[in-house]
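Notes for the one structure printed next.
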Amino acid sequence: MFSTATRIAVGTPPGDDTSWDNVAKIAARTSGHKISDGDKPMLNTTITGSLPKPSWLAKPEALWAPWTTDDPALLEEAKYDAVRLAIRDQEEAGIDIVTDGEQSRQHFVHGILEKIDGIDFEKKTRIGIRGNRYDADCPTVVSGLNRSGPIHGEEVKFARTQTNRDLKFTMPGPMTIVDTLADQHYGDRPKMAMAFAEILNEEAKELVAAGVDTLQFDEPAFNVYLDAVPTWGVASLNRAVEGLDCTTAVHICYGYGIEENLQWKATLGDVWDQYAAILPALAGSNIDQVSLEFAGSRVPMEVIKLLDGKKDVLVGAIDVTTLTAESPEEVAVVIRNAMEHTSPERIFPCTNCGMVPLPRTVSQSKLRALVAGAALVRAEL
C-alpha cells in the first residue's frame, strides 16, 4: 500500500533540539487554548476523521475491510469498543476536537448510503471514479432518493457519552457521493447531488441535536472536478449545511497513500494547484472551515490567502501516506508557514487525511506529534 521509501519510526525522539519531555510540558501548560485574544481558541488540534480499526472489528491496515463477524449483537459491541479506543487514543495524545474514528463504517461514502432508499447495493456497475483514477464496482441509483429514518444518530449519541471534548463527525459531501455511485435514475449529476444534499441536511440536523459540535463533509472530488466546484459543487454543499447550529467544515485532500493516488500525484507536476482553482468559490460559501493538505505535499501554502481570511483552515500538518512519525518541530514548521498567510486564530492543526490504513502505533505517534507541534507554536504566541 505504501511506497518502498517509507519507513517506521514510532515513538522515536526527533532529531532536533526539542526533547519530548519539554514538548509534553509545553503542551500541558498551553492546553486549554485560550490565549490572549479574549476567549478565542488558538491552534486547537483535530484529525480529519478516520483512525485504524482494531483487529477484533476488521482487518487492520486495510481500506474498506469487511467486518470480522456477521453477528449483529457482536458487531455492535465490537464497534462501540473500537469507538471507545479511538476516542481514548485521541484524548491521551491531547487532541482537542475528537472524532469517533469512523469505526462504525467500512467505507467513508457507503456508510451513509446503505440506509438511503433508491440505491441498489446488489446492482453493481463498474465505473471510473475521481476522474477515472479508479475503476470500481459501485452501487446503483435506481429510483428517487429517500432517507427513511436516522442513519448515524446512535453512533453520535454513543460517542458523545465517551468524551467531554468537542466532538466532530464526518459525512461524505454531495459531489463525492455522486462520484461514487452509478446513476440509472437522475441522469443529471447536479440534480442528484442536490437530492443527496437535502438528505445530508436532514441527517445533520439530527446529529447536531445528538451532540455534534462540528460536522465535516468530505469532498475529495472537489480536487478533481475543478470546473464544477464553483457551480453545483458549492451549491450542493451550501444546501447540506443549511440551518445547522454547529461548526461546519469541508475536507479536500489528495487521498490515502494507496498506489492509485501515488500514481496520480506523480502526474500533477512540481506545484499542485488544484486548491487555487476552487478556494475562491469556497471563500464565498456558507462553510465555516476548510480542511487542506500540506504536509509532504506540493501544495503552495499561499493558497490559504484565496480564502480571503473568511474561513478557518484545518492545516494538514501530518502526512498520512508515510509510516514515519513526524517530529514536533516538523509539525510546527507547517503551522508557522500557515501563519504567514492567515491569523493563528484561524488555524486548526490537523492530519492531511484519514489514518485508517496505518498501523495503530504509527497513528498514535502521529497524533502525539501533531499535539506537540501545535504546543510549540502556541508557546511562541
Search result, residues across the stretch 177-217 that are hydroxyl-bearing (Ser, Thr, Tyr) and at pLDDT 95 or above: 186, 214
Filter the stretch 49-107 for residues that are in contact with a strand residue (DSSP E or B) (Cβ under 9 Å, 6 or more places away or on another chain), over 22 Å from residue 138 (Cα atoms) and in a loop (DSSP other than H, G, I, E, B) and give the result. 49, 57, 68, 95, 96, 99, 100
Keeping to the stretch 218-235, report how many residues are under 14 Å from the mean Cα position of the chain (by Cα) and modelled with pLDDT of 95 or more. 3
In the stretch 233-245, what residues are surrounded by fewer than 21 Cβ atoms within 10 Å (Cβ to Cβ) and either among the small types (Gly, Ala, Ser) or without any contact (Cβ under 8 Å) to a residue 60 or more places away in the chain (or both)? 235, 238, 242, 243, 244, 245
May I ask you to list the residues in the stretch 267-284 that are crowded, with 16+ Cβ neighbours inside 10 Å and outside any helix (DSSP H, G or I)? 272
Which of the residues belonging to the stretch 343-381 are surrounded by 19 or more Cβ atoms within 10 Å (Cβ to Cβ), closer than 28 Å to residue 308 by Cβ and among the charged types (D, E, K, R)? 346, 378
Here are 95, 87, 112: which of them is under 26 Å from residue 150 (Cβ atoms), of a type in the set (A, V, I, L, M, F, W, C) and at pLDDT 95 or above? 87
Top-ranked residue of the stretch 211-232 - restricted to ones that are among the hydrophobic types (A, V, I, L, M, F, W, C) and under 16 Å from residue 290 (Cβ atoms), ranked as surrounded by the most Cβ atoms within 10 Å (Cβ to Cβ): 222
Assess whether residue 155 counts as being closer than 30 Å to residue 351 by Cα, assigned to a helix (DSSP H, G or I) and touching a strand residue (DSSP E or B) at 6+ places or on another chain (Cβ under 6 Å). no
Checking residue 221 against (1) out of contact with any Lys or Arg (no Cβ under 7 Å at 6 or more places or on another chain); (2) within 19 Å of residue 50 (Cβ to Cβ), which single condition isn't satisfied? (1)
Considering only residues that are in a strand (DSSP E or B) and of a type outside the set (S, T, N, Q), look in the stretch 301-330 and name the one that is farthest from the chain's Cα centre (by Cα). 312
Kindly provide the set of residues from the stretch 124-150 that are under 17 Å from residue 64 (Cβ atoms), more than 24 Å from the chain's Cα centre (by Cα) and β-branched (Val, Ile, Thr), ordered by number. 127
One residue is enough: does the stretch 331-342 have a residue meeting the conditions of a type in the set (A, V, I, L, M, F, W, C), in a loop (DSSP other than H, G, I, E, B) and crowded, with 24+ Cβ neighbours inside 10 Å? no
What are the pairs, 6+ residues apart or on separate chains, where a residue within the stretch 174-187 that is in contact (Cβ under 8 Å) with a residue 24 or more places away in the chain and over 16 Å from residue 135 (Cβ atoms) has its Cβ under 8 Å from a residue that is of a type in the set (Ser, Thr, Tyr) and in a loop (DSSP other than H, G, I, E, B)? 175/225
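The values are calculated or read from the model by the stated rules, or taken from the named source; none is laboratory data. Just so it is clear, the structure is predicted and the values come from calculations on it, not from any experiment. Quick reminder, even Gly has a Cβ in these numbers, built from the backbone with ideal geometry, and neighbours come from all protein chains shown.
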